[in-house]
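Take a look at the structure set out below.
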Amino acid sequence: MLVTAVSRACTFVLVLHHELVRAQYTVAKDYHGQGFFTGWNFYGSWDNLTQGDVNYLTQSQAAAQRLTYVNDAGNAVIRVDNFTNVSSNEKRNSIRIESKDTYSVGSLWIIDAVHLPFGCSVWPAFWSKGDDWPNGGEIDIIEGINLLGRNQVALHTTPGCFKHDVAGTQSGQTIGSNCSVDAGCVVGETRPNSYGSGFAQAGGGVFATQLDVSGIYVWFWTRAAIPQSIRSSSNTSNLNISDWGMPSAAYPSTSCNITQLFSVQRLVLDITLCGVWAGVPGIYNSTCANTGATGLCYNDNVIGPGSPKYDNAYFEIPFIRAYTVAASPPAASAAPKLPSINPLSTSTGTESSGHVTVIITPPTARPINSASTDTLARFRAMWLQHGSLTMVISVLGSAPFFL
Ligand SMILES: *[C@@H]1O[C@H](CO)[C@@H](O)[C@H](O)[C@H]1NC(C)=O
Ligand SMILES: *[C@@H]1O[C@H](CO)[C@@H](O)[C@H](O)[C@H]1NC(C)=O
Ligand SMILES: *[C@@H]1O[C@H](CO)[C@@H](O)[C@H](O)[C@H]1NC(C)=O
Ligand SMILES: *[C@@H]1O[C@H](CO)[C@@H](O)[C@H](O)[C@H]1NC(C)=O
Ligand SMILES: *[C@@H]1O[C@H](CO)[C@@H](O)[C@H](O)[C@H]1NC(C)=O
Ligand SMILES: *[C@@H]1O[C@H](CO)[C@@H](O)[C@H](O)[C@H]1NC(C)=O
Ligand SMILES: *[C@@H]1O[C@H](CO)[C@@H](O)[C@H](O)[C@H]1NC(C)=O
Ligand SMILES: *[C@@H]1O[C@H](CO)[C@@H](O)[C@H](O)[C@H]1NC(C)=O
């Protein structure tokens, strides 16, 4: 644990670290190479979820048509049919697969991708869901449509879950807060090259999802920014996530009871076409630069020859890895004690029994412990999430507050 206190005029900056929710993760399942597709069930039916213009193939159909295969680089490829001239009123073949294994709260997933599907009408997703969908929660980790250049993260739950923004805990931009509305509670990625042609040109990247009692957190790193812990990881090594930095999206459990609303999850990869997001006329036009001849997603894209329209409609995935928290069961890893802050004497830091006591001395400050419940909740959420906390206390008159 590390405690530092920096004093500048009447502003105090405290940086606190703890390791309790930064426990090591161990590999639960590794999907990669020739064995990749043995870990998944193929949907084998039409898209009755998002009403896209696709037929999802069975495993044997997918292999025979080479919509799923492992390429020479050893990466799993999952793609839309780009070789069929589809007649009017017919759908195009594509893939939706769901992991055979389920993952409970306390899990962490990493996906390394060198290419994500994109192009007009294309709507891919890497997501997780409970078996009793829409009950049991849904986490949309990678999702984009048409020619958008940014990934969008979202949770979907039954009523009672909200995305609460805590300053300085995510790099993304919150677009919706109520997780039980149709769109879910959406966070837009702000880091560059998270989707589309930019993602591919940058060599792809890695997305990570932590499903924890303290909250749900999603990270994205473009290829050049992947942390050392992941670059040096293997399909058997433990993972220490202390070098991950700030996530793109943070959904702290203070406003969403994760253990109550998220049952065990299965991972899903799919690529649909048009449907209730990519194909909505106004959305389709604006996210395809009004390039279509008819302004209708299906007519402009799905029917007719598949190439070059769907040449970029594929995932290329070196690996997906699922981890579980190594040490104690998730419930026990959840709640490190709040540091107790007593701003009544000089700036020092002490440690005792797993928590940090920080003592600072703004001359006229009142104790932080008397701050509002909301402030303490924000403080706790940051502490839980980051395993470290930067707290800035400005002393104006006699009232300390958080920035
Ligand atoms: C994780 O890495 C950090 C930074 O190197 C280190 O301080 C910490 O002890 C490690 N945690 C575990 C559980 O090994
Ligand atoms: C790790 O990868 C190697 C090489 O492909 C494979 O033989 C082994 O079974 C994998 N281990 C796990 C835990 O998936
Ligand atoms: C879609 O079809 C599958 C298989 O018939 C069925 O189990 C599932 O409930 C359907 N989903 C929706 C949203 O209608
Ligand atoms: C695709 O099929 C339609 C009729 O179904 C035909 O008119 C058209 O010429 C075909 N296009 C190509 C490139 O074969
Ligand atoms: C959140 O969305 C649900 C479902 O649409 C709705 O019933 C509820 O009133 C919303 N809550 C708030 C605070 O807007
Ligand atoms: C969250 O839900 C679980 C299971 O329903 C319950 O045991 C727990 O007390 C809830 N936590 C909070 C903070 O409400
Ligand atoms: C979309 O664009 C087409 C022309 O490409 C136009 O005819 C149509 O009205 C537009 N639709 C919407 C909803 O803006
Ligand atoms: C489909 O797209 C791939 C690139 O992703 C390309 O290599 C291939 O030639 C295309 N297939 C056809 C039939 O054009």
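Could you count how many Lys pairs in the range 25-325 have their Cα atoms under 26 Å apart, skipping same-chain pairs fewer than 8 positions apart?
Counting lysine pairs in the range 25-325 gives 6.
Where the eigenvalues come from the Cα gyration tensor of the range 25-325, what are the semi-axes √(5λ) of the equivalent ellipsoid, largest first, in whole Å?
Working from the Cα gyration tensor, I get semi-axes of 29, 22, 18 Å.
Starting from the Cα gyration tensor of the range 237-334, take the square roots of the eigenvalues, sort them a ≥ b ≥ c, and report rounded, prolate or oblate (rounded when a/c is under 1.5, otherwise prolate if a/b is larger than b/c, else oblate).
Since a/c reaches 1.5 and a/b is larger than b/c, the shape of the range 237-334 is classed as prolate.
Take each of the peptides 134-140, 114-120, average the number of other beta-carbon atoms within 10 Å over its residues, and list them starting from the highest.
Sorting 134-140, 114-120 by mean packing, highest first, produces 114-120, 134-140.
Any read-out appearing in this document is the output of simple, stated calculations on the displayed coordinates, not a laboratory observation. Please read all numbers here as calculations on a predicted model, not as lab measurements. Counting neighbours? That spans all protein chains shown, and the Cβs are built from the backbone with ideal geometry, glycine included.
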